[in-house]
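Notes follow the structure.
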Amino acid sequence: MKQKMTAIVINEKDNVATALEDLHEGREIRVIVCGKDECVRLLTDIPSGHKFALFEIEQGSNVIKYGEPIGHSTVHIKRGQHVHTHNVTSPKNRSAR
Amino acid sequence: MKYFDGYRRADGKTGTRNYILVIPSVGCSQGIARQIARNLRNTVYLPNILGCGQIGSDRAIVKKTLAGFGWHPNVSGVLVIGNGCEQLPADEIAREISATGRRTEVLVLQDVGSMRKTISLGRKIVKDMLSNASSLKREPVLLSKLVLGTECGGSDYTSGLASNPAVGVASDMLVKEGASIILSETPEIIGAEHLLAGRAQTKVIAQKILDAVAWWEAKAVEGGQDIRDANPSPGNIAGGITTLEEKSLGCIHKAGTTPIEEFITYADHPSRKGLVYMDTPAHDIEQLTGMVAGGAQIVVFTTGRGTPVGSPIAPVIKITANKNTYSVMRDCMDMDLSKITEGRETLQAAGRRVFDEIIAVASGKMTKAERLNQQDFCIFKTNMNI
């Protein structure tokens, strides 16, 4: 790889990327989405291991990682914003019980 | 189509190794089995302590697991050692194994009379089996003959982010070649069972996955542990894992993205190609034992913090994406995928490396666990011994 990536997108269906190091607000992050280079400007600090939105995520929409819904957004999440417990929830599928 | 170099068996299966296996049919004869196998090349014994005192369905699971190791394609010949009065007689296990055409012999201490004589007779039998086994050579065999077990243990943030998805790339490549992949450790999928069920080929398979999760969850609650409520843990959340689904998916992803073709119980053999789900505990060694008993000739084991675990008869490839773990625990680790977490390698490229390593190890390359003689074995059971 020519240039070191600072965030990883695991599956081409994902709408979030995960930071590989501490990333700071305002930085333009290069990510590979569906095989194409894209740049996402961070709207908040993203700690290492945490997620940020690749696209606008409407309130109540699925947050997709590993190609599957990992939860849904509780508010509208902007591209480049931190995605975590403050704006994502999941029912933990209690219907399985 | 791709190949590996394997040992063809009379029953049509192919091995990645060519062992003589000594199986104690009960814990009482474990020491004899160990001494028979001691210092003999390509000879291993199972450190089994069960075979007597099991109740309920446990007796059948013990028999299925021991027999599964006996007629495993990585095994050329088997010697079963019994004590003589155990509930699971050596003969019963031996009959199950020899029905597959595998050369099987039995020695029972209480029939032979003395431990020294049993060991001496046992070593003679094994040496004869070794002599026969040595004439078998590796031949090119289609990858479709492989059954790959997948496991994760000692996980950290690198597991779900890097090593599991990379192994998932290799799993998908193997499924394309017609191989079988086993995904297991049911307690780890609590929270994502609906997603996994959604990938099942049939409604029957989907329901079995949901039922298996419900069973394990109820058992955990009985034992005072609410897995669903306790996860993700505060440490997970601080590290960036937001939901239980995300945590479970990070584990599941090592088996790739293909549909689930079959649901099997502990130590059962897959009857279909592609991704197969085996219901096992998340206990690393019980899970490993179940997958190998089910015919997995090779296993990939991802870890973040490191683990030395290996199997008596199947090579276990240890993979980490944690640079520090690889550096300090190099004697236990086979592959370093830390370039992914450093942003210097894509998941696809790392996955291809894993795929190549699987072929190399299947064809004879020694793993670190084999070099260190890690022969971990433990059979899952649901009741206490009496």
- Is it the case that B:Ala10 is surrounded by fewer than 16 Cβ atoms within 10 Å (Cβ to Cβ) and hydrophobic (A, V, I, L, M, F, W, C)? yes
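Which one is farthest from A:Pro47 (Cα to Cα) among residues in the range B:174-211 that are under 20 Å from the mean Cα position of the chain (by Cα) and open to solvent by 10 Å² or more (accessible area, probe 1.4 Å)? Steps first, please.
In the first step, residues of the range B:174-211 are kept if they are under 20 Å from the mean Cα position of the chain (by Cα); the result is B:174-175, B:178-189, B:209.
Keeping just the survivors that are open to solvent by 10 Å² or more (accessible area, probe 1.4 Å) gives B:175, B:178, B:187-188.
On the way: B:Val175: 36, B:Gly178: 41, B:Pro187: 29, B:Glu188: 26 Å.
Checking each candidate, the answer is B:Gly178.
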- Where B:Pro308 falls short, out of the listed (1) surrounded by fewer than 19 Cβ atoms within 10 Å (Cβ to Cβ); (2) touching a Gly at 6+ places or on another chain (Cβ under 9 Å); (3) at pLDDT 95 or above; (4) more than 14 Å from every other protein chain (Cβ to nearest Cβ): (2)
- Within the range B:300-323, is there a residue that is touching a Lys or Arg at 6+ places or on another chain (Cβ under 9 Å) and among the aromatic types (Phe, Trp, Tyr)? yes
- Query: Does the range A:40-71 hold any residues that are in contact with a Gly (Cβ under 6 Å, 6 or more places away or on another chain), open to solvent by 10 Å² or more (accessible area, probe 1.4 Å) and more than 9 Å from every other protein chain (Cβ to nearest Cβ), and which are they?
  - Reply: A:Arg41, A:Leu43
- Note on the structure: Taking the range B:342-367 and keeping residues under 21 Å from B:Gln287 (Cα atoms) and without any contact (Cβ under 8 Å) to a residue 60 or more places away in the chain leaves B:Thr367
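Find the residue count for the range B:341-386, including only residues that are of a type in the set (Val, Ile, Thr), in a loop (DSSP other than H, G, I, E, B) and within 20 Å of B:Ala296 (Cβ to Cβ). Walk me through how you get there before you give the answer.
At the first step, the residues of the range B:341-386 found to be of a type in the set (Val, Ile, Thr) are B:341, B:346, B:354, B:358-359, B:361, B:367, B:379, B:382, B:386.
Narrowing the set further to residues that are in a loop (DSSP other than H, G, I, E, B) leaves B:346, B:367, B:379, B:382, B:386.
Applying the additional criterion that residues be within 20 Å of B:Ala296 (Cβ to Cβ) yields B:367, B:379.
Count: 2.
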- Select, from B:Val354, B:Val328, the only residue that is buried (at least 18 other Cβ atoms within 10 Å of the Cβ) and among the aliphatic types (A, V, I, L, M). B:Val354
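Which of the residues spanning the range B:34-62 are in contact with a helix residue (DSSP H, G or I) (Cβ under 8 Å, 6 or more places away or on another chain), buried (at least 21 other Cβ atoms within 10 Å of the Cβ) and not in a loop (DSSP other than H, G, I, E, B)?
In the first step, residues of the range B:34-62 are kept if they are in contact with a helix residue (DSSP H, G or I) (Cβ under 8 Å, 6 or more places away or on another chain); the result is B:35-37, B:40-52, B:54.
Next, from what is left, pick out any that are buried (at least 21 other Cβ atoms within 10 Å of the Cβ): B:36-37, B:43-46, B:48, B:50-51, B:54.
Scanning the range B:34-62 gives B:Ile36, B:Ala37, B:Thr43, B:Val44, B:Tyr45.
Among what's in the range B:81-95 and is in a helix (DSSP H, G or I) and touching a strand residue (DSSP E or B) at 6+ places or on another chain (Cβ under 9 Å), pick the residue that is most open to solvent (accessible area, probe 1.4 Å).
Start the filter on the range B:81-95 by keeping residues that are in a helix (DSSP H, G or I), which leaves B:90-95.
Narrowing the set further to residues that are touching a strand residue (DSSP E or B) at 6+ places or on another chain (Cβ under 9 Å) leaves B:90-91, B:93-95.
Working: B:Ala90: 4, B:Asp91: 85, B:Ile93: 0, B:Ala94: 9, B:Arg95: 149 Å².
Result: B:Arg95.
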- Given the structure, is B:Gly153 without any contact (Cβ under 8 Å) to a residue 12 or more places away in the chain, of a type in the set (Gly, Ala, Ser) and away from every other protein chain (no Cβ under 14 Å)? no
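Give B:Tyr45, B:Tyr19, B:Tyr7 a once-over and let me know the one that is out of contact with any Gly (no Cβ under 9 Å at 6 or more places or on another chain) and within 20 Å of B:Ala293 (Cα to Cα). Spell out the reasoning first.
Working: B:Tyr19 fails: out of contact with any Gly (no Cβ under 9 Å at 6 or more places or on another chain); B:Tyr7 fails: out of contact with any Gly (no Cβ under 9 Å at 6 or more places or on another chain).
Just one listed residue meets the conditions, B:Tyr45.
Looking at B:Gln110, is it touching a helix residue (DSSP H, G or I) at 6+ places or on another chain (Cβ under 6 Å), of a type outside the set (Gly, Ala, Ser) and open to solvent by 60 Å² or more (accessible area, probe 1.4 Å)?
Values: touching a helix residue (DSSP H, G or I) at 6+ places or on another chain (Cβ under 6 Å): no; of a type outside the set (Gly, Ala, Ser): yes; open to solvent by 60 Å² or more (accessible area, probe 1.4 Å): yes.
Criteria not met by B:Gln110.
Restricting to the range B:357-386, name every residue that is of a type in the set (D, E, K, R) and open to solvent by 60 Å² or more (accessible area, probe 1.4 Å).
Keep residues of the range B:357-386 that are of a type in the set (D, E, K, R), which gives B:357, B:365, B:368, B:370-371, B:376, B:381.
Those that are of a type in the set (D, E, K, R) and open to solvent by 60 Å² or more (accessible area, probe 1.4 Å): B:Lys365, B:Arg371.
The values are calculated or read from the model by the stated rules, or taken from the named source; none is laboratory data. Quick caveat: nothing in here was measured; it's all calculated off a predicted structure. Virtual Cβ from ideal backbone geometry, glycine too; neighbours counted across all protein chains shown. Just the protein is used for accessible areas: all its heavy atoms, side chains included, with ligands, DNA and RNA removed. Shrake-Rupley method; radii C 1.70, N 1.55, O 1.52, S 1.80 Å.
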